[in-house]
Amino acid sequence: MTFTVCRAIITPLLITALLILGGGVLANKDHSLDDKIIRAAYSEFLAYGFRKASLHKISEKAGVTTGAIYTRYKNKDALFVALLQDFFEAMKVMFAPVAKEYEKAMLSAKTEDILSAINAEEKIYFELLASHYDDCTLFFSRSDGSSVETMLNDLMEQKTQQTVDFFFRVYGKKPNADAIRLIMGAQFWNFRQLLDKRPDEDRMFACLRSILDFTNAGWRQLCLTLQ
């Protein structure tokens, strides 16, 4: 991760591929049956989540043996992470330009520039939902019990500290870390609830816009408090 990304405000919804270990997922490089396995795994994980998903059911849906899965993926967790590798790469590309917005905000120390950077980041959330809805669902609301859940929890804490440090560099004052954690945690929880309920697209985007309006008001107030 570059220093630029580290000092940007990255909310829980901005989980970059930079902190995800992509290596060691495949136990065997033979991909002849991967498409069948991946389609079956998507269906199983989306329906039941990581904890309740069954490799036996995945193998039945794919028309392969569980042994065929284990020769390609070390375990259920490795298969789950493998499903998300393309998504991680897409996130890395989509969020890269946002770092420049935070650099601008860092230099100007203007509230509007900080909010503009946050808004630029939020636009990516909408793009992700529109183009990677199932991947978002797997990542944010079907990953309990997997290494992805552990990573999300670690990132929540790390990004809280990075956000505190960002504001300190801008204003010379540290905001309350617990308050930052609550704002970011609420944003993440609401996003997850949307994915769990799986409303139609128009309703989902309208709800997300309302949620972001509330959280943006919180960020604005924080900026004003620290000035």
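Bear in mind that the values in this text are calculations on the coordinates, not laboratory data. Here the structure is a predicted model, which means the values were calculated and not measured. Here Cβ is always computed from backbone atoms with ideal geometry, including for glycine, and neighbour counts include all displayed protein chains.
Per the Kirkwood formula on distinct C-alpha pairs, the Rh of region 86-226 is how many angstrom?
Across region 86-226, the inverse of the average 1/r is 16.0 Å.
Treating the beta-carbon of each Lys and Arg as +1 and of each Asp and Glu as -1, no other charges, what is the dipole magnitude of region 67-107 about its Cα centre, to the nearest 20 debye?
Here region 67-107 has a charge dipole of around 140 debye.
Quick check for me: using +1 on Lys/Arg Cβ and -1 on Asp/Glu Cβ, what's the dipole size of region 147-227 about its Cα centre, in debye to the nearest 20?
The calculation lands at about 300 debye.
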query = Roughly how many nanometres apart are two label points built 7 Å out from the Cα toward the Cβ at F205 and D35?
reply = 3.1
message = Charges on Cβ only, +1 for Lys and Arg, -1 for Asp and Glu, centred on the Cα centroid of the chain; of M156, F88, Q193, which one is farthest towards the dipole's positive end?
response = M156
inquiry  = So if I take the centroid of the Cα atoms in region 120-185 and the same for region 39-79, what is the distance between those two points in Å?
reply    = 28
task = With label points built 7 Å along Cα→Cβ from the Cα atoms of N216 and K52, find their separation and express it in nm.
result = 3.6
task = Treating only the Cβ atoms of Lys and Arg (+1) and Asp and Glu (-1) as charged, compute the dipole magnitude of region 86-226 about its Cα centre; round to the nearest 20 debye.
result = 580
note = As straight-line cross-link partners of K110, the qualifying lysines (C-alpha separation under 16 Å, not fewer than 8 residues apart within one chain) are K100, K173
request  = Report, in degrees rounded to the nearest 10, the 0 to 90 angle that the Cα long axis of helix 111-131 makes with the longest principal axis of the chain.
outcome  = 20
ask   = If you stretched the chain out fully between D196 and L182, how much longer would it get, using 0.36 nm times the residue separation minus the C-alpha to C-alpha distance?
value = 3.0 nm
request  = Before rounding to the nearest 500, sum -39500 (n - 2.57) across all DSSP H runs of length at least 4 in the chain and divide by the residue total; then give [θ] at 222 nm in deg cm²/dmol.
outcome  = -24000 deg cm²/dmol
Packing-based order for 201-214, 151-164, using average beta carbon neighbours within 10 Å, highest first = 151-164, 201-214
Proximal charge balance of V148 [Cβ under 11 Å; K/R count +1, D/E count -1] = -3
query = Long-range amide H contacts for Y73: which residues qualify at under 5 Å (H placed 1.01 Å from N, peptide plane, sequence gap of 5 or more or a different chain)?
reply = A27
ask   = Order of L84, L129, L107 from fewest to most other C-beta atoms within 10 Å?
value = L107, L129, L84
task = Could you estimate the translational diffusion coefficient of region 88-141 from the Stokes-Einstein equation, with Rh from the Kirkwood formula over C-alpha pairs, at 20 °C and 1.002 mPa s, in whole µm²/s?
result = 179
query = Can you flag which of K123/K159; K76/K123; K123/K197; K36/K74; K52/K123; K104/K159 are past 26 Å Cα-Cα?
reply = K76/K123; K52/K123
ask   = How far, in nm, would the chain grow between D165 and A109 when pulled straight, counting 0.36 nm per residue and subtracting the alpha carbon separation?
value = 18.8 nm
